[in-house]
1. If you go through the range 50-66, how many residues are of a type in the set (Asp, Glu) and either crowded, with 20+ Cβ neighbours inside 10 Å or not in a helix (DSSP H, G or I) (or both)?
2. What number of residues within the range 50-65 are at pLDDT below 95 and closer than 26 Å to residue 6 by Cβ?
3. Would a scan of the range 67-78 turn up a residue that is more than 22 Å from residue 37 (Cα to Cα), of a type in the set (S, T, N, Q) and either surrounded by 13 or more Cβ atoms within 10 Å (Cβ to Cβ) or modelled with pLDDT of 95 or more (or both)?
4. Report, ordered by the first and then the second residue, all pairs with beta carbons closer than 8 Å, sequence separation of six or more or different chains, a first member in the range 43-67 that is within 20 Å of residue 91 (Cβ to Cβ), and a second member that is of a type in the set (Lys, Arg).
5. Would you confirm, using the coordinates I've provided, whether residue 133 is assigned to a helix (DSSP H, G or I) and touching a residue at least 12 places away in the same chain (Cβ under 8 Å)?
6. Among the candidates 88, 117, 105, 101, single out the residue that is within 23 Å of residue 69 (Cα to Cα), open to solvent by 80 Å² or more (accessible area, probe 1.4 Å) and among the aliphatic types (A, V, I, L, M).
7. Answer yes if at least one residue in the range 31-49 is modelled with pLDDT of 95 or more, over 25 Å from residue 102 (Cα atoms), in a helix (DSSP H, G or I) and touching a helix residue (DSSP H, G or I) at 6+ places or on another chain (Cβ under 7 Å), and no otherwise.
Amino acid sequence: MGVRNFIDRVFTVISDLILKLLPASKQEKQAFAYYKAGMAAQAEGDYAEALENYYESLYLDEDQYDRSYTLYNIGLIYGKNENYPRALEYYHQAVSLNSNLPQALNNIAAIYHRQGLLALEMASQDYDSAMEISEEYE
């Protein structure tokens, strides 16, 4: 059994105990169950299943702090699939609910950096094309 598998099992056992011991409404428990299922699916690379579970968790969960982590995880999936506009949307929503999410801010910065590099490359290509055209008219 690998370290990751061990950590996943420990997380599952601890989260199940927390759910049993801490007072929470049926809706809160269901939201957390969807969140856990989303995390498990995400870890397995089943992003469609993970998103489905995360969306269900968002629908049920009223706690802003918990919702911020669900939104962050949705952003991770969109980022992993190179859908950067959607990733940014979810990262910004996460930060708006929980300003103490440096990992979301880091990912936002990384996406903007990547987009800036792509824009710079495109601008350079356009400049080169413009120079070629202007040389033809000289």
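1. Residues of the range 50-66 that are of a type in the set (Asp, Glu), as a first pass: 52, 56, 61-63, 66.
If we keep only those that are either crowded, with 20+ Cβ neighbours inside 10 Å or not in a helix (DSSP H, G or I) (or both) too, we end up with 61-63.
Residues that pass the stated criteria total 3.
2. 0
3. First pass over the range 67-78, keeping only residues more than 22 Å from residue 37 (Cα to Cα): none.
No, because not a single residue in the range 67-78 is more than 22 Å from residue 37 (Cα to Cα), of a type in the set (S, T, N, Q) and either surrounded by 13 or more Cβ atoms within 10 Å (Cβ to Cβ) or modelled with pLDDT of 95 or more (or both).
4. That search, which allows pairs on different chains as well, returns 43/4; 47/80; 58/67; 61/67.
5. Taking the combined requirement at face value, the residue does not satisfy it.
6. On the way: 88 fails: open to solvent by 80 Å² or more (accessible area, probe 1.4 Å); 117 fails: within 23 Å of residue 69 (Cα to Cα); 101 fails: open to solvent by 80 Å² or more (accessible area, probe 1.4 Å).
So the residue among 88, 117, 105, 101 that is within 23 Å of residue 69 (Cα to Cα), open to solvent by 80 Å² or more (accessible area, probe 1.4 Å) and among the aliphatic types (A, V, I, L, M) is 105.
7. Scanning the range 31-49, I find at least one residue that is modelled with pLDDT of 95 or more, over 25 Å from residue 102 (Cα atoms), in a helix (DSSP H, G or I) and touching a helix residue (DSSP H, G or I) at 6+ places or on another chain (Cβ under 7 Å), so the answer is yes.
The values are calculated or read from the model by the stated rules, or taken from the named source; none is laboratory data. Because the structure is predicted, anything quoted here is derived from the model rather than measured. In this analysis, Cβ positions are derived from the backbone assuming ideal geometry, glycine residues included, and neighbour counts consider all displayed protein chains. When the accessible area is computed, the model is the full protein with side chains, heavy atoms only, and any ligands, DNA or RNA have been set aside. Shrake-Rupley method; radii C 1.70, N 1.55, O 1.52, S 1.80 Å.
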